[in-house]
Structure formats: structure tokens, C-alpha cells
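Notes to accompany the following structure.
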Amino acid sequence: MFYVVEIADVIGVEPRDFGLTLKEIAFKKLSALYEGLVDEQLGYVISVLSVDVEDVGYMLPRDPNLYHRVKCRLLVFIPRIQEVVEGEVVELTDFGAFVRIGPLDALLHVSQILDDFVNFDKKNAVFVGSQTGWKLGVGDKVRARVVAVSLAGGKVGITTRQPYLGNLEWIEEQKRRERVPRAEKVAGG
């Protein structure tokens, strides 16, 4: 899930930057420091959205820098266990598919694709369910549930082995199948 978080920090303004505004300096320094960072508490930091800098700074003995307290708002992505996400299949391997969710690629292990025996067709680069015939390939849109998160290791595991999860085409087919028996019951009495 995407969140906006606010954090407080301190930046050092070097004498060579004295010609720029405090806001420009802070935005540049905080962007370099936080964007792309993966942190257990913050998650995946995508962008610095805004910066507020205290006008009055302080100096330290024998240090030419001027230090200012700052508050900034960050756009972050934090995957949560049991959260339902949507993404796109970006890579297939014989052990599973990588699905891009937000700024990262989550692993959809071959055992988590379907409640069906799944074969990997290397020639056509797709996974195929042996009984359902459902296919999963690069570029397919997928709805999945997050089942494992290791921010420190940069790993997220997902599953599509639950009702209304999987390739979005499978989900539509499941919905169509459910509508037909109901319609027959109403017509039949």
C-alpha cells in the first residue's frame, strides 16, 4: 500500500550552497538521502513530496556547515501481509513469476499460482494449468494476496490460489461461471 509519511531530520548546508534557498538545498539533500531507500519502518521510499526548513540554523565548532532542522513528507510503499494487490507479470522462470507491485517485483512461486497442477511451457513462456487450461505469461495483469514480506531482504511473496485472485481474465471467467447456475435456477423454478 502507498502511504505519505512525515519525518524530521537535520541537514547540513555547506558554504558552497549558500547561494541557493534553504528549501532547494533541503529538497536536493533529502531526495538524495531518502529516494530509493528501503527501511524496515519506512518501507520503500519512492519520493520526497515536500520539505519545511527552519530558517534559523546552528553551527558546530570547527565545522563550516550550517545545520537546519527539517520536516519532510515522503511517498512510501509498504507491502502488508494479507493485503490484496494488483500488478503485472514482468518475468517468468521455471520456479515462478515475478509480478510488479508498486516499486518492486514480488515472487509468485509456481506452487502458489493455481489450485491445479501447473506446467511451465518454456517454448511459449507461459505457465499453464493442466485441468483448467488457464495461462499466465509476461504482461498479464494479476490480483494477488501478499503472504510474505522481508523488507530487509527486499523480498515479497504473493499467492493467487484463492477465489477471485489470479490473472484478471481468470477472475472474469469465475464470475461468468457463477452467474450461469444462478440464472438457470431462476429460470428452472
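The values are calculated or read from the model by the stated rules, or taken from the named source; none is laboratory data. Note that the coordinates shown come from a computational prediction; the quantities given were computed from them, not determined experimentally. Note: ideal-geometry Cβ built from the backbone for every residue, glycine included; neighbour counts use all protein chains shown.
What the table shows:
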item	result
Residue match in segment 50-62 (condition: within 30 Å of Arg100 (Cα to Cα) and in contact with an Asp or Glu (Cβ under 7 Å, 6 or more places away or on another chain))	no
From Gly154, Gly189, Gly102, residue being at pLDDT below 90 and touching a Phe, Trp or Tyr at 6+ places or on another chain (Cβ under 6 Å)	Gly102
Wholly within segment 73-128, strands (runs of 3 or more DSSP E) carrying at least 1 residues that are among the aliphatic types (A, V, I, L, M) and under 12 Å from the mean Cα position of the chain (by Cα)	84-93, 96-101, 104-109
Candidate set from segment 10-49 (those that are small (Gly, Ala, Ser) and touching an Asp or Glu at 6+ places or on another chain (Cβ under 9 Å)); member that is surrounded by the most Cβ atoms within 10 Å (Cβ to Cβ)	Ala26
Flag if Leu30 is in a helix (DSSP H, G or I) and either within 17 Å of Val70 (Cα to Cα) or among the aromatic types (Phe, Trp, Tyr) (or both)	yes
